[in-house]
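Inspection log for the structure reproduced underneath, given as structure tokens.
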Amino acid sequence: MSDDSAKKRPPADDDRNLVVVDDDFANADAEDRLWLFWERNKTLIVRGTSLVILGVLTAIGHHFWQQSRREEIGAEYAACQDEAARRAFAARHAGDPLAAVALAEVGDDLKRAGNLAEAAKAYDEAAVAAGKAGEAPAVRALALRARLYAGLTRSELGDKGAEAAVAAVADEPSAPETLRGLAMLSLANLAVARGDSAEAAKWLNAMDRRLRPDNVWQQDKAFLVRSEPSLTAAPAAK
């Protein structure tokens, strides 16, 4: 890098200067930049997001299955392989954490199938079921995961008010870092999509302040800030 480029580099603590712009994005308009960003990174983003979130749910489900493995309910839960079976299981065992896990799995299956409206409803049901299952940390994590995914799914449907549910998880100190990071990164992406660079910068800076430097979303954040020129010199929203 030349000396001139080095002189122009923003100080490390300057929140307004978040990105170095790739040449591919230099002359593109906002819509083209978003398309280019998605085309370059969609495989890694989708794969990484799916694996991380599936891992969270699998870990929660395994935790409760381990607690119940000596009881009939553990085997009954493990035998559920489709939506009907999981819903029936949840109805029979209302108040048990595994009922909430089963409904969250219903939501995941519906989301993968593209049935977003029904997926959002299933996540709502999972959050309610988790609320009936107590206040253990794992149960709280399951409830927050369901609320986050309900909000994200409704955002995909174009519901502007759904961002409030996502922000609530981003701002929840007790939420697992994986969920808070996904919430903040999603809010930044939504802000970029509607051209609100200040709001996007706010959530990206929040990721730096609130999450560990090696958090699982760091690479996805780097993709976003590198590919979106509108974030350059954007003051963070208060």
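The values are calculated or read from the model by the stated rules, or taken from the named source; none is laboratory data. Not measured: the values here are computed from a predicted model. Cβ placement follows ideal geometry from the backbone for every residue including glycine, while neighbour counts extend to all protein chains displayed.
In table form, for the structure just shown:
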quantity	calculated
Counted residues, region 127-174 - those being farther than 17 Å from residue 115 by Cα and among the polar types (S, T, N, Q)	1
Qualifying residue in region 218-234 (condition: touching a residue at least 60 places away in the same chain (Cβ under 8 Å), surrounded by fewer than 20 Cβ atoms within 10 Å (Cβ to Cβ), outside any helix (DSSP H, G or I) and over 12 Å from the mean Cα position of the chain (by Cα))	yes
Conditions (1) in a helix (DSSP H, G or I); (2) surrounded by fewer than 23 Cβ atoms within 10 Å (Cβ to Cβ); (3) among the aliphatic types (A, V, I, L, M): number failed by residue 166	(2)
Scan of region 111-124 for residues that are in contact with a Leu (Cβ under 8 Å, 6 or more places away or on another chain) and hydrophobic (A, V, I, L, M, F, W, C), ordered by number	116, 117, 119, 120, 122
Of residues in region 78-129 being among the basic types (Lys, Arg), at pLDDT below 95 and closer than 22 Å to residue 165 by Cβ, the one surrounded by the most Cβ atoms within 10 Å (Cβ to Cβ)	111
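Residue-by-condition table, conditions (1) at pLDDT below 95; (2) crowded, with 19+ Cβ neighbours inside 10 Å:
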| residue | (1), (2) |
| --- | --- |
| 161 | yes, no |
| 174 | yes, no |
| 184 | no, yes |
| 188 | yes, yes |
| 196 | yes, no |
